[in-house]
Amino acid sequence: MKPKYDLNALQSQARIEKNHAKAHERQQLQTARKQQKSSARPQQRKADRWSAADDDMMTHERIMPRDERDRRRSVAQAAVVGQRPPSDTAVTVEGQQGLVIEVSTGMCRVDTGERTILCQIRNHLRTADSIFTNVVAVGDLVVVRDDGAGGGTVEAVAPRRSVLARPHGFRPHLRQVIVANADQVLIVASWREPAIWFELVDRYLVTAARDGLTAIICVNKVDLVEDYAACEAALRPYQALGVDVILTSAQEGIGIDTLRAVLSNRVTVLAGLSGVGKSSLLAAAQPGLQLRTGDVSSRKHEGRHTTTQATLVRLQGGGAVIDTPGIREFGLSGLPRHELAQFFPEVAALASQCHYNNCAHLKEQDCAVLEAVAQGTIAASRYHSYEAIYHALPA
Ligand SMILES: Nc1nc2c(ncn2[C@@H]2O[C@H](COP(=O)(O)OP(=O)(O)OP(=O)(O)O)[C@@H](O)[C@H]2O)c(=O)[nH]1
Ligand SMILES: [Zn+2]
């Protein structure tokens with residue numbers, strides 16, 4: 001009989017841990033180099049100022065000098081992993097630097113490292129010209145001014161290095177930022193109870209790819225796996241695509257070291273159905289960590305606010321996790337059908353071999369994708385997701 005948990009995916013966990021450790025080393029080296037470089041540079045107070053216009057970094061990024069873009073990225077990253085930003089960061093706005101851990105209408109909670117402050121958002125920031133509807137999102141690095149009465153005001157928001165966003169409901173030309181400055185998405189599913197839902201995993205993969213974030217799949221509750229061969233086969237297509245797959249059991253402590261290594265020094269957005277074990281996994285990775293601590297709105301004595309969409313929790317030793325109850329809705333909104341294939345790499349790779357230029361890979365004659373599915377070189381489960389998601393998207 002096969003030994004328990006002797007899955008290929010499980011065996012490759014040592015490789016995943018090593019890769020993440022290496023990536024972290026590289027990141028630290030880069031940050032150190034940039035800090036060295038920037039401290040050698042003369043101060044440029046005007047360019048260093050964080051202004052409301054910087055909020056629109058994603059649009060301005062391309063025309064920014066290379067060094068300036070790198071420097072901005074390292075500032076945001078440094079704050080999250082608990083380092084000091086490069087010495088030439090002349091934050092001309094007076095106040096304390098902090099990380100936004102929760103947001104609700106007009107208010108946010110900021111962790112300064114020493115304490116958490118409930119903050120209002122400065123009016124001039126709110127009216128700023130931006131493609132985003134919200135000025136402040138969870139994960140934002142901000143400058144806050146203490147009001148002396150236990151609260152504070154957000155005076156400035158640092159440029160973001162990434163955004164997870166969705167089109168705004170009433171103003172679809174604008175986007176609402178759900179999470180700022182994340183590095184990766186951890187897609188958590190459970191093998192059973194609830195059974196893994198591959199279409200949802202694939203939707204999350206598309207979401208992450210659209211926003212330029214690395215995705216990692218974590219399959220929890222492997223203690224409930226009965227047919228190891230089936231589990232291995234089901235996950236093989238993801239490994240073939242180069243996606244890291246971690247197998248865990250929060251209950252039995254399996255794969256927790258790998259999970260810890262993957263989360264270390266990164267800002268990770270959690271995605272997954274209710275009940276798959278997100279809270280249990282985090283508690284196993286960091287004893288005492290509570291993912292759900294109640295949102296801004298539940299603290300009645302501090303005023304009336306609407307429910308928060310995401311919550312950030314710092315990890316000991318660097319990094320943070322962001323829990324996003326709303327990630328599912330914003331996943332694919334705004335994505336037209338014909339753009340879906342580009343987020344299924346195995347489909348995109350064959351599209352040029354289809355007979356029709358505009359082949360949707362559904363029922364067309366001489367479709368290279370359908371042929372690959374018939375031959376088994378594209379996994380049937382992945383193709384089913386493609387088909388189902390395609391039909392759910394607007395034409
Ligand atoms: N058998 C088994 N059960 C687990 C495992 N991890 C978590 N559970 C159980 O699954 C249930 C849900 O776990 P949670 O950690 O609350 O799941 P969650 O994803 O945080 O759920 P929400 O808070 O609703 O989003 C609990 O009863 C856990 O005890 C595991 O590895 N194996
Ligand atoms: Zn085709």
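Quick look at the numbers
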quantity	calculated
Two-decimal Rg/Rh across region 90-169, once Rg and the Kirkwood Rh are taken from alpha-carbon atoms	0.95
Rounded to the nearest 10 Å², the accessible area of Leu350 at probe 1.4 Å	40
Surface/4 of the Cα convex hull for region 165-284, nm²	8.1
Mean separation of Cα contacts under 8 Å (6+ apart) over length of region 337-392, as relative contact order %	32
FRET efficiency, Ser333 to Thr112 (Cβ-Cβ, R0 30 Å, nearest 0.05)	0.35
In Å, descending, principal axis extents of the Cα set of region 337-392	24, 23, 19
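The values are calculated or read from the model by the stated rules, or taken from the named source; none is laboratory data. These figures come from a predicted structure and were not determined experimentally. In this analysis, Cβ positions are derived from the backbone assuming ideal geometry, glycine residues included, and neighbour counts consider all displayed protein chains. For accessibility, only protein heavy atoms count, side chains too; no ligands or nucleic acids. Shrake-Rupley method; radii C 1.70, N 1.55, O 1.52, S 1.80 Å.
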